[in-house]
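Reading through the structure tokens given below for one structure.
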Amino acid sequence: MFFYNLVAAVDYLRTLDDILSNLPQGILVRRKDEILFANKAAARVFGFNNVRELMDYRAVNALIGTFVQPQTNPEQRFAYFSNKDGDLFFADVTERVIDFRGQQAVQITLNTPLQSTEDLSNTQTLVERYALALRHVKLGVWDHDRVANSHYLSPSCRDILGLPQADSRTFQSVFEDLIYPEDRPLVRAACAKAFGERIPYAAQFRIMRPTGEIRWVSVSGTSIHDSDGLVLRFAGTIVDISDQKHKERELIEARKTAQAGLEAKNRFVSGLSHEFRTPIHALMALPRLLKEQANRPELTDLVEASELAGEHLLSLVDSALDLSGIDSGTMDVRTNPFPLAKTCMTACETMNSRTAARRIDLQLDIDPAAQANFLGDEKLFLRTLQAMLRHAIERSGPGVMKTRLSSGENGHGALVVLQDVGAPYSSLEARSLFEPFSSIQTPDNPITQSNGIDLPLARKLARAMGGDVTIAKRGTRNGSIQFYLPLERVASNLDEPIGSINHTGALCILVVEDNLINQRIIAVILEQLGHSCVIVADGVMCLETIQKARFDAILMDLHMPNMDGYQATRQIRAIEADLQAVDFPAMPIIALTADARPETREAAFAAGMTGFLNKPISIPELYEALAPIAAALAEEPTAQRG
């Protein structure tokens, strides 16, 4: 009877084993890192040819994750797994603790029914496409289940991190070991912010692969929380951005190199301008002085030609400096009320010598509506119009050149139309007209000519003020260009006539200048204006001289040997501060320099100077700078008597 019962039990177990082996659901029994039982469906799902291969497989954690002791009651959840080739798949599973042949183990049942061969083929195709896409874009997928204490790293993720597929370290140790030490605080802060605010996580940081290679990665992800706010799951993607970071560094270095080149160019142009202005000063001032004393007509003509050449050379230097300032972004636009019509008249008057040399009759027609004050930058407006006039004069022969100034609708805005004596601009010219030194060749004039820099400068100045310089195409038989600026009309006391300041007395002026030719020229000009002067060659001699005698004003060069004008001015102001108790008033100090950059002007005033004049010296500007000083000195005795 016992033998019969034993045989029956064995048959029962064989039948049960056969039933379990052929169930459509995958079933396996696991004890820690060992698979004790698996059916055929489970073997197929995990990519094995038979059950024995699955049971002999040693990298169990790579397939199922780290062993977790489930609750006594069956636990059903949606879990992820990996087949032996590393492809990811998901399944609805049930886990429960069982007694398997006298050992406590976990039975895992894949509840998803076995799919048909066609369905499995389609699923495999989708998985392959997904894997190929991830590898192509170098995008890795990672997933950390904190409840199950398990994680998944896709093959692409492991490639990015430089980890072998069989690496079994924990999720936390993976990133703690690989994150570059200096970047760990950044990563921890980003995680804390994402977990605390329940927002997507994103960070870029460096990793150090096990081989020692450093790579840049961009990691993003999202977290799932329970009702208490604890993180249950954390998943996302990782991308290798090392090439992008390398290109960013190259761009930064290229930008630094370009910026350094631009600064070097600006220094070169500024230095060149300073060196040019010193001989130009003599080239322009000496003919002016000689012309007043010349008795022979032919000598007067030669002097005028020399003066005109000097003016032309100076305009080239000023234009080059302006273009450099605009290109480097240092052009300063200052808005103040100014008389628009008067400024246009001034621009035309400065061209008298040029128009006379070419026998051009320059006519200015001003719209009555433009006879008012407008809000804008008077100096830039003047320089723009002068550049346009220089360009027009260069391309014109004898004849009448017309300039018309009008205001826009409701008196706002200004439009200057300049019609020269040359031929209309062709479409061929228009393409390169606003490029500096571009070559121009027209059907009427087959000889190639340089465009110069005046018109390109005019356009850049206009655009810096919010306007533009363009070719006027309608109703013109000659070359015509127009300058529009969106100025606002304002009401101010500038509409009243401005009287000149009377020169009420002679001044004793200390001239601090190291160039011998400039010393002689300044002395002659000051003598013509009725002033006397003492000349010294540098800042050291200036300090020695003012301690021996009192001067009404100082004309201070900025660039000199031994001690420059900035240092000398600071020391003078320090001396005056110590002497305030004995009623020692501050002395007017006017910068006299060939450096016309805006930053030079600012530095001069910051050092304590009260005025700023550019070389070559303009006699009217020097007169205007000294006249208030003379007038103030003339009133001092009256003030003291009162």
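We did not get these values from a lab; they are worked out from the coordinates using the rules stated. Since we're looking at a predicted model, the values are computed, not measured. Positions of Cβ are generated from backbone atoms using ideal geometry, with glycine treated the same way; all protein chains shown enter the neighbour counts.
Quick notes
- When the convex hull of its Cα atoms is projected in every direction, mean area for the stretch 508-549 (nm²): 2.6
- Per-peptide packing, taken as the mean over residues of other Cβ atoms within 10 Å, places 203-211, 551-559 in the sequence 551-559, 203-211 from highest down.
- Quotient of C-alpha Rg and 2.2 N^0.38 Å, computed over the stretch 146-213: 1.18
- Amide H contacts under 5 Å for G162, placed H, 5+ residues apart: none
- Spin-label model distance (nm) - S353 vs V147, 7 Å beyond Cα toward Cβ: 9.2
- D468 long-range amide H proximity, modeled H, under 5 Å: Y484
- Measuring r between the beta carbons of D361 and Q567 and using R0 = 60 Å, the FRET efficiency lands at 0.70.
- Cross-link pairs beyond the 31 Å C-alpha cut-off, checked among K84/K245; K460/K615; K247/K460; K245/K460; K84/K247; K379/K548: K84/K245; K247/K460; K245/K460; K84/K247; K379/K548
- A631-R550 FRET efficiency (beta carbon distance; Förster radius 25 Å; 0.05 resolution): 0.85
- Near the amide H of V511, within less than 5 Å, lie the amide hydrogens of V534, I535, V536, L555, all on another chain or at least 5 residues away, with H placed in the peptide plane.
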